Amino acid sequence: MEVKPSGSASVSVSVSINNRGSTPIPTPTPMTQSPHNWNCWRIAVRILSARMVCDILPSQHRKSVTGMLERTILRDRHERLGARLINFGGWELPVQYDGILAEHQRVRQHVGMFDTGHMGAFLVSGRESLDFLSRMLTQDVRAMADGRCRYGFLLRENGGVLDDLIVYRFSSTAWMVVVNAGPAKDDLAWLARFCPISGVALTDLRGVQSKLDVQGPESRLAMERAMGLDLSGLGYFQFRRTESGALVSRTGYTGDLGYEIYASPQAIAGLWDRLRAEGVKPAGLGARDTLRLEAGLPLYGHELTTEVSPVEAGMMRYAGKTEPFMGRDALRARQADPGRPRLVAFQIAGRQSARQDNRVLDTAGHEAGRVTSGSFSPSLECAIGFAYVRQEMTPIGTELGVDTGRQVLAARVTTAPFWKRASDDHTHEKTGDEHHGSENITVYAGS
């Protein structure tokens, strides 16, 4: 499908989305018209002796217009708690508090909270917004009901992934698109490039809205106490508005029960304090990465880039709608190409883990691909990871070698998610759609 660029889109809107009257949204900063590739900072976590070590490998600095690191509303609270703050894609964010391993296990066994105020979010509104999003996103937005959200992709014409995202439906004329922090400006520019001159308004919500994630088996209890809500009726990938106007979504990036909360920065700060009073402790980027990897979830800049498509990533279940959309024809061509690599999950018996860009070897010692993510898994007590490999190397059980530069680690292709919540197989509930194909990568969310 060819989607032709349109004229300048409106970027200021007043739309009722919470039954509390019209909510004016400030005009966002100007949008550029030339998206560029962005590679996020890479977090590689491995076991060294008896403690977790997190290596931050900068691949590109992104600064605010003032040249300073951008901060969320919670930054000073992180500092008071003794967090190790790092430059993560131009944002000053906590990588850990009392340790990645402790934070990981706390989320898996109880509950933890994450500052995700750096994430991008756009309001898409207007009478033509449904048709526009249907053309631009891989999700079947026409099949969505109010109060539902769905995972999918924003693609280039060649099928490459510009970003993975979640779209929220308020009504047929009002939507929220939540994207990764690094490519957020490029995402908005890409949408604006193809936006109709009239009938659709795009509004950047960054600075107006912040975000907090509460994850783990005890997250519902903590949320109900801190917010005074009954969340028993909130299903997976559903959301609701509170009386104060906050949005509570039953979604997450850990593979466990969890919620994502969108509200004003001041409201997020207040919720953080109330959750702290309830005994909920924060977790940093390091634990967020190990949790998402155990859950078999991709990270933009690692498993997903503009160079790969949902075909290579084994995620065509999120791009399989029949209606035309940006990049659809390119995806079909890629599906017919047997020479394209495929994403596989692998497991290493020991505690030493692979790192991004490590070479993957076949049994003859020839290069068969590259690692995209690797970490020690605290839940499984072994090393796990993702890699793009030649198609003949994808069957479950295939033996691989991972060249770390110092040694070759013995690995085996396996299924993902590596870890799954035993009491509730909700990792397959993502959209309520049937599973298409025989992919060995199961993904249900992205942030």
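Laboratory data are not the source of any read-out in this text; all were calculated from the coordinates shown. Computed from a prediction, not measured in an experiment: that's the story for all the values here. Using ideal geometry, Cβ is built from the backbone for each residue, glycine included, and neighbour counts are taken over all protein chains shown.
Observations on the model:
- Added length on full extension, which subtracts the Cα-Cα distance from 0.36 nm per residue, residue 357 to residue 323: 8.7 nm
- Restricting the stretch 161-263 to GluC sites (Glu not before Pro) in coil, as DSSP defines it, with at most 13 other Cβ within 10 Å: 243
- Net length available on complete extension from residue 242 to residue 366 is 39.0 nm, with 0.36 nm assigned per residue and the Cα-Cα distance removed.
- Phi-derived couplings, Karplus 6.51 cos²θ - 1.76 cosθ + 1.60 at θ = phi - 60°, listed residue by residue for the stretch 246-254: 5, 10, 10, 10, 8, 9, x, 10, 10 Hz, with x used for Gly and Pro.
- Scoring 172-184, 316-328 by mean Cβ neighbours within 10 Å over their residues and listing the highest first yields 172-184, 316-328.
- Per-residue Cβ neighbour rank within 10 angstrom, fewest leading, 71, 332, 406: 406, 332, 71
- Rounded to the nearest Hz, the phi-derived 3J(HN,Hα) couplings of the stretch 178-186 under the Karplus curve 6.51 cos²θ - 1.76 cosθ + 1.60 (θ = phi - 60°) are 10, 10, 6, 5, x, x, 4, 5, 5, where x marks glycine and proline.
- With all projection directions averaged, the alpha carbon convex hull of the stretch 170-243 covers 7.0 nm².
- Taking label positions 7 Å along the Cα-Cβ direction at both residue 98 and residue 340, the computed distance is 4.6 nm, reported to one decimal.
- Residue-count net charge about residue 298 - beta-carbon cut-off 10 Å; Lys, Arg +1, Asp, Glu -1: -1
- Length released on extending from residue 134 to residue 394, taking residue separation times 0.36 nm less the Cα-Cα span: 90.4 nm
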